[in-house]
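The values are calculated or read from the model by the stated rules, or taken from the named source; none is laboratory data. This is a predicted model, so every value here is computed, not measured. Neighbour counts run over all protein chains shown; Cβ positions are idealised from the backbone, glycine included.
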Amino acid sequence: MRTPEARCEEATGLAGAIDLDVVGSEIVSLAAIRPATYLGKGKVEEIAAGIKADEIDLAVMDCALSPVQQRNLEKAFGCKVIDRTGLILEIFGRRARTAEGALQVELAHLGYQKSRLVRSWTHLERQRGGFGFLGGPGETQIETDRRLIMERMVRIERELDQVKRTRALHRASRADVPYPVVALVGYTNAGKSTLFNRLTRADVMAADMLFATLDPTMRLIRLPHGGSAILSDTVGFISDLPTTLISAFRATLEEVRAADVIVHVRDISHADSEAQSRDVEKILEELGVADRIDRVIEVWNKLDRLDADGRAALADDESLRPTPPLAVSALTGEGIDRLMAAIEDRLARGRSLIELTLDPADGRGLHWLYEHAEVMQRADADDGLHLTVRVAPDQVDRVKRRFASL
């Protein structure tokens, strides 16, 4: 279980991720959750006094509040109150850069707001007249607002279905090339984007903050033996990730489900690294990739933050695991060569080795092999070029047809 101090620190980090000025934070012990205000009466009055004294504009509760609890706390505190889900949605709304990301965030936010209309309007008793020849009492304002939200959600879902179909077409076209897909997953701020930049020499935004990356990014990488793969950087996971967000980002996370290799990046320097790892594994199960555990490579990142004793303890822990993880530093590059070799080995499972002899003048054929296969060995001899290449099962026939005369 994650410690309360770590949860409080994470909530403070979430608030800081959208440039909120955090005046103070407090861990509250609860004997029981109050249906009306979540907190006990005395604690509500104590916090309200502090909020009034410091002239605070926003209070964040690191929990899930019901609409009634949120409304009652706002009345008691005299300021706006949001819960963990609302805070994460706010971060996602600020970070969305692409049209797809904006649609996904809007869908999640509308689903969240739909149940909170009871506290969002002050004119709920108003009624609009009936229309047509049926007459009737008409439609209350809250029913109108809820209907408008539902209509907008349906339109967004249609657009995201189109995004999903487009992504499926892109995956199909990549399968024809073919390039295997390697997806980076992990807890937010585990260093995925820094690792992505290190492996691809790209310049994706990488910052020491929660949810620095929201929109997925893909780049081509070259493997040690000349093969190619597509590396995908995905949105970071977090504990208690709102189900509305998981549902809304399902189109994006399809890339994880379809990946040939999943690289699970962990911040091994974080005090709650084990708890973060379990949170990621739980979300992977919800995405339906739990049965692909043989495709997962666990990477222990931020090795540069450990001192000599920390590295020694890490080595001891690593030796006790049935499948040792790979310790790396995306910042300094330490261990990256081993990671690239591990990715290549994992992609090679089930692939076939083919031995060929090419005419030294067949430069086009040699180039084709370097583009469409992994050249494991090459030897120049008097009778030609002796090559050992590794290809995916579905490409064996293609290679044999291309070099049928050999």
* Asked: Looking at (1) closer than 28 Å to ALA108 by Cβ; (2) touching a helix residue (DSSP H, G or I) at 6+ places or on another chain (Cβ under 6 Å); (3) assigned to a helix (DSSP H, G or I), can you tell me which one VAL22 breaks?
  -> (3)
* Which of the residues that make up the range 40-65 are exposed (fewer than 15 other Cβ atoms within 10 Å of the Cβ), more than 23 Å from the chain's Cα centre (by Cα) and closer than 27 Å to SER239 by Cα? -> ASP57
* Mind checking which residues of the range 371-394 are surrounded by 18 or more Cβ atoms within 10 Å (Cβ to Cβ) and either charged (D, E, K, R) or modelled with pLDDT under 80 (or both)? -> HIS372, ALA373, GLU374, ARG390, VAL391, ALA392
* Asked: Which one of the conditions (1) under 32 Å from the mean Cα position of the chain (by Cα); (2) buried (at least 16 other Cβ atoms within 10 Å of the Cβ) does VAL23 fail to meet, given that it meets all the rest?
  -> (2)
* To do: Hey, can you tell me all the residues within the range 1-17 that are in a loop (DSSP other than H, G, I, E, B) and within 26 Å of VAL68 (Cβ to Cβ)?
  => none
* To do: State whether one or more residues within the range 377-384 are in contact with a Leu (Cβ under 9 Å, 6 or more places away or on another chain), at negative phi and touching a residue at least 12 places away in the same chain (Cβ under 8 Å).
  => no
* Structure fact -> All conditions in (1) within 23 Å of LEU148 (Cβ to Cβ); (2) hydroxyl-bearing (Ser, Thr, Tyr); (3) part of a loop (DSSP other than H, G, I, E, B) are true of THR85 except (3)
* Of all residues in the range 237-262 being of a type outside the set (Phe, Trp, Tyr) and closer than 16 Å to GLY93 by Cβ, the one that is modelled with the highest pLDDT -> ILE238
* **Any chance MET218 is touching a helix residue (DSSP H, G or I) at 6+ places or on another chain (Cβ under 9 Å), of a type outside the set (Val, Ile, Thr) and at pLDDT below 65** => no
* Asked: Only one residue in GLU5, GLU46 is charged (D, E, K, R) and over 17 Å from VAL81 (Cβ atoms). Which one?
  -> GLU5
